[in-house]
Each structure stands twice: as structure tokens, then as C-alpha cells.
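To keep things clear, I will list the structure first and then write my remarks on it.
The values are calculated or read from the model by the stated rules, or taken from the named source; none is laboratory data. Fair warning: this is a prediction, and the values are worked out from it, not measured in the lab. Glycine also receives a Cβ, built like all others from the backbone with ideal geometry; neighbour counts cover every protein chain displayed.
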């Protein structure tokens, strides 16, 4: 009864007129359950601190004015860092840390918590000494199957190249607002999205024995002593930061990329000041559906390449922390794929195209750069190309920009439709943890 009353509560003067059922499904039982908690407790607690930040960020954006973004960005970033050095002992659901958002966008929290459950299960499997190395994939596949079948809101197993195009958010009026106006908080999550995949990769190069403790200790130390002080400038994808794990379980790798991207889109939507709560929820739920598992996603699971197949997770190199990477490539490709719908290309001068790419690059970088236009990507493009044609209906909350999405997916098919599937990885032999030199190479 209490939950029903909360779901109907008045928030910030707006009544949410519908009640959402809150059915839940428990985690899959297995011999590995809570092994990550017991074997790597400090690393588990680091994950809990990161998920505190994710949960509370929703309420920070929902309840504070964007006009004071600098103040709240710095204040919340300090709180996130404090939690990382004083991590919780357990991990509650999103609702504990973001109770107001739970009343507005409950399906978002279901999607996040369900995928965090999958995170924990797969960490457990990799942590369990009693699961032989050559059975890690079979147990992981079992966990993926459960995740996809037992709740109606799983993230897609298709790579972000597909689902980002399906989401169709690039020209929406909120796109990039969070990273531009809340750069400290944004970059905390970029650091977190470095940490999550490199934990898997450290397990992949360490094997089942005590070397796994040594590898994860290196990751936790690197996070606190180096990465937090010099944070990544982009969202790292699984294929970049855990290439071996991505070859072993591309389904899990893509699920995590789709969750991490959903975080960023959700923060953009909640930060956008010109929509009310109902409108934000409509748009949020549209994006959640677009990035959810859809029939046929299986054929795309391995459609990605590995920028650094021998990546060393214990070294924080310039390549890892810089702006250039697969996420930026995807965004530039999508812009070029949409452009014929919005502009007569015969009238698009070389100078205008250069300005367009320059503005997009600045928009995709955290904070505001010198010469960057205010607002969203759409706002910046309109400043560069005032005659750009838009479909006003597609800008509305909850509206799907169908033509743009079709153009982007067709662009992907032309470029990558015949891309060979990334090869699997042999799990027949348990690895020995290699030594690394100062430059990060194995020796």
C-alpha cells in the first residue's frame, strides 16, 4: 500500500497520473552466488560506491536547478569521491539513493537494477575458484539467458553501434547536456565505466588462483591513485577496455555498454529544464524500449572490432584516457548518416561541414570548450546551418524520429553489415598473470 501511495505522490507540483506495478525477479541461484562479495570484498564495495553515485545522480538532476549546475556538479562529485574512499558495505537498489526519481521513472530503475544484478552474477562466476576455467563461459551463458528471459526489461545484446542508432537521441533537445553542464560528475562516471570493464579483464588475465587478488588490487589502487585524478574523456566501450572478456561473452559486454549509455542519456533527459516530469518519463521510456533486447539482436552480437586485443588493464595509458575512441566514432558516423535528411548536401560547403564536425567534437567533450555553441547538439548544428531541416514532431518527448533512425541503421548496414564476427577466445587453458613494464606492455 505504501508503494502505491508513493507512486501516486505529487512531486514538484506535478501529479503522476498512473500507477506502475513493481513486480521483481530475484537473481539466478548458482554455486557462485555472492562469491565476488566474499573473495574481493573491497572491489565489491567499490562497485557499490559507484552505484550509489549512479542512483543519487538522478535525484540531484531532478531536484536542483540547472542554473546552479556548477555548484551542484562540484558538490555531488565531492560526495561521490568521498563514497569511493569510504565505500558502503552492501549494495542497495537505486531507489534507496534516488527515491524521488523512483516515483517518476520507475522503469529506468528496473532496467538498471536488473542489469546490476547481471553485473554481480558475472563477477561472481569469474571470482569462483570452484568453477574450472574452461567452464566459465558456460556458466556465463547461463546467466545471460536468465537475464534476457526472466524480466521484461533487459538491455540489448546488440552492440552500441546498433542500439545507439535505434535510440535516436542525437538531435533531441537534451543531447549532451549532462556532459557539457556537469563535467565533474560526468567524468566520475567515465572513470567508473573504465573501472567496471577492467575488473573483468583483470580476472581474464589472472585466472582462478591467487593472482586474481593481485590483479584486482592493482585495479582498485589505480582507480584511487591515478584515474580519479586524471579521468577519461570519453565513455570507454567493453571492446576497448575488456577485449578478452568481450570475446568470451560478447552478449554480456554489449549489455554493459547499453546500460552505461542509458545512464548518460537518462542524465541528459533529467537535466533538461524545458520538459515537465510526464514528458521526461515519456522520453525516458521510449529510449529504454529502443535499447532493450529485441528479437533478432543475436545476429549482431559479435559485430564489432577490437582496437587493442592485447589490452593491459593494469596500466592507464594515454590511449585509454583520451577523447578519441569507438564512442566518438559512432557519434560522428551517425551525424553523417542523418545529414542528407536535414540538408541539401550540394549546398553543404566544405567550410560548413568542417564547422559542423568541430561543433560536434566539442559537444562530445566534457565541459564547454572555447568556441562551442550553447545548448544541445541540435542547437549547435542550427547555429552552423540555420537552414537545416528538422521534423518538429520528432523533437517531442516520447516521439521516435523514425526516418533518422532508418537512415542511421542503413548507414551502419552499408559500412558494417558484412563485418566478420569477432572471434571467440579459448578458455581451455587457465592464464598466468603476466608482468607489465612501465609502458604497459607484457613481458
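So in region 337-368, with the set limited to residues that are in a loop (DSSP other than H, G, I, E, B) and under 23 Å from the mean Cα position of the chain (by Cα), which one is surrounded by the fewest Cβ atoms within 10 Å (Cβ to Cβ)? Talk me through it step by step, then tell me what you get.
Taking region 337-368 and keeping what is in a loop (DSSP other than H, G, I, E, B), we get 343-344, 348-349, 365-368.
If we keep only those that are under 23 Å from the mean Cα position of the chain (by Cα) as well, we get 365-368.
Values: 365: 18, 366: 22, 367: 16, 368: 14.
By that ranking, first place goes to 368.
Scan region 399-419 and tell me whether some residue there is part of a loop (DSSP other than H, G, I, E, B), at pLDDT 95 or above, touching a helix residue (DSSP H, G or I) at 6+ places or on another chain (Cβ under 8 Å) and surrounded by fewer than 16 Cβ atoms within 10 Å (Cβ to Cβ).
Within region 399-419, none of the residues are part of a loop (DSSP other than H, G, I, E, B), at pLDDT 95 or above, touching a helix residue (DSSP H, G or I) at 6+ places or on another chain (Cβ under 8 Å) and surrounded by fewer than 16 Cβ atoms within 10 Å (Cβ to Cβ).
Can you tell which of 26, 78 is free of Cβ contacts under 8 Å to residues at least 12 places away in the same chain and not assigned by TED's automatic domain parsing to the domain that holds residue 284? Talk me through it step by step, then tell me what you get.
On the way: 78 fails: not assigned by TED's automatic domain parsing to the domain that holds residue 284.
Testing whether each residue is free of Cβ contacts under 8 Å to residues at least 12 places away in the same chain and not assigned by TED's automatic domain parsing to the domain that holds residue 284 leaves just 26.
Condition first: surrounded by fewer than 23 Cβ atoms within 10 Å (Cβ to Cβ) and under 15 Å from residue 47 (Cα atoms). Now tell me which residues in region 202-217 satisfy that.
Result: 217, single match.
Among the residues of region 174-189, is there at least one that is more than 14 Å from the chain's Cα centre (by Cα), assigned by TED's automatic domain parsing to the domain that holds residue 282 and modelled with pLDDT under 95?
Scanning region 174-189 turns up no residue that is more than 14 Å from the chain's Cα centre (by Cα), assigned by TED's automatic domain parsing to the domain that holds residue 282 and modelled with pLDDT under 95.
Tell me, which helices (runs of 4 or more DSSP H) lie completely within region 224-334 with 2 or more residues that are touching a helix residue (DSSP H, G or I) at 6+ places or on another chain (Cβ under 7 Å), crowded, with 20+ Cβ neighbours inside 10 Å and at pLDDT 95 or above? Talk me through it step by step, then tell me what you get.
Details: elements: 238-241, 243-248, 250-271, 277-290, 318-321.
In region 224-334, the matching helices (runs of 4 or more DSSP H) lie at 238-241, 243-248, 250-271, 277-290.
Is it fair to say residue 68 is without any contact (Cβ under 8 Å) to a residue 12 or more places away in the chain and either assigned to a helix (DSSP H, G or I) or more than 26 Å from residue 36 (Cβ to Cβ) (or both)? Break it down into steps so the answer makes sense when it comes.
Values: without any contact (Cβ under 8 Å) to a residue 12 or more places away in the chain: yes; either assigned to a helix (DSSP H, G or I) or more than 26 Å from residue 36 (Cβ to Cβ) (or both): yes.
So residue 68 fits the description; yes.
If you scan region 427-443, which residues turn out to be within 22 Å of residue 314 (Cα to Cα) and modelled with pLDDT of 90 or more?
Within region 427-443, the subset within 22 Å of residue 314 (Cα to Cα) is 427, 429-443.
Matches in region 427-443: 427, 429, 430, 431, 432, 433, 434, 435.
Among the residues that make up region 348-355, is at least one of them in contact with a helix residue (DSSP H, G or I) (Cβ under 7 Å, 6 or more places away or on another chain) and farther than 30 Å from residue 205 by Cβ?
To start, the set of residues in region 348-355 that are in contact with a helix residue (DSSP H, G or I) (Cβ under 7 Å, 6 or more places away or on another chain) comprises 352, 355.
With the extra rule that they be farther than 30 Å from residue 205 by Cβ, the set shrinks to 352, 355.
The answer is yes, given that some residue of region 348-355 is in contact with a helix residue (DSSP H, G or I) (Cβ under 7 Å, 6 or more places away or on another chain) and farther than 30 Å from residue 205 by Cβ.
Quick one: how many residues across region 28-46 are in contact with a helix residue (DSSP H, G or I) (Cβ under 7 Å, 6 or more places away or on another chain) and part of a helix (DSSP H, G or I)?
Residues in region 28-46 being in contact with a helix residue (DSSP H, G or I) (Cβ under 7 Å, 6 or more places away or on another chain) and part of a helix (DSSP H, G or I): 8 in total.
Does region 104-123 contain any residue that is surrounded by fewer than 18 Cβ atoms within 10 Å (Cβ to Cβ), modelled with pLDDT of 95 or more, in a helix (DSSP H, G or I) and within 22 Å of the chain's Cα centre (by Cα)? Give the steps one after another, and end with the answer.
Just the residues of region 104-123 that are surrounded by fewer than 18 Cβ atoms within 10 Å (Cβ to Cβ), to begin with: 107.
From the residues that got through so far, the ones that are modelled with pLDDT of 95 or more too are 107.
Going one step further and asking which of them are in a helix (DSSP H, G or I), we end up with 107.
In the following step, the residues that additionally are within 22 Å of the chain's Cα centre (by Cα) were identified as 107.
Yes, region 104-123 has at least one match.
From the list 17, 49, exactly one residue is assigned to a loop (DSSP other than H, G, I, E, B) and either assigned by TED's automatic domain parsing to the domain that holds residue 144 or at pLDDT below 80 (or both). Which is it?
On the way: 49 fails: assigned to a loop (DSSP other than H, G, I, E, B).
It is 17.
Free of Cβ contacts under 8 Å to residues at least 60 places away in the same chain and assigned to a helix (DSSP H, G or I): is that true of residue 191 in this structure?
Values: free of Cβ contacts under 8 Å to residues at least 60 places away in the same chain: yes; assigned to a helix (DSSP H, G or I): yes.
Spelling it out, residue 191 is indeed free of Cβ contacts under 8 Å to residues at least 60 places away in the same chain and assigned to a helix (DSSP H, G or I).
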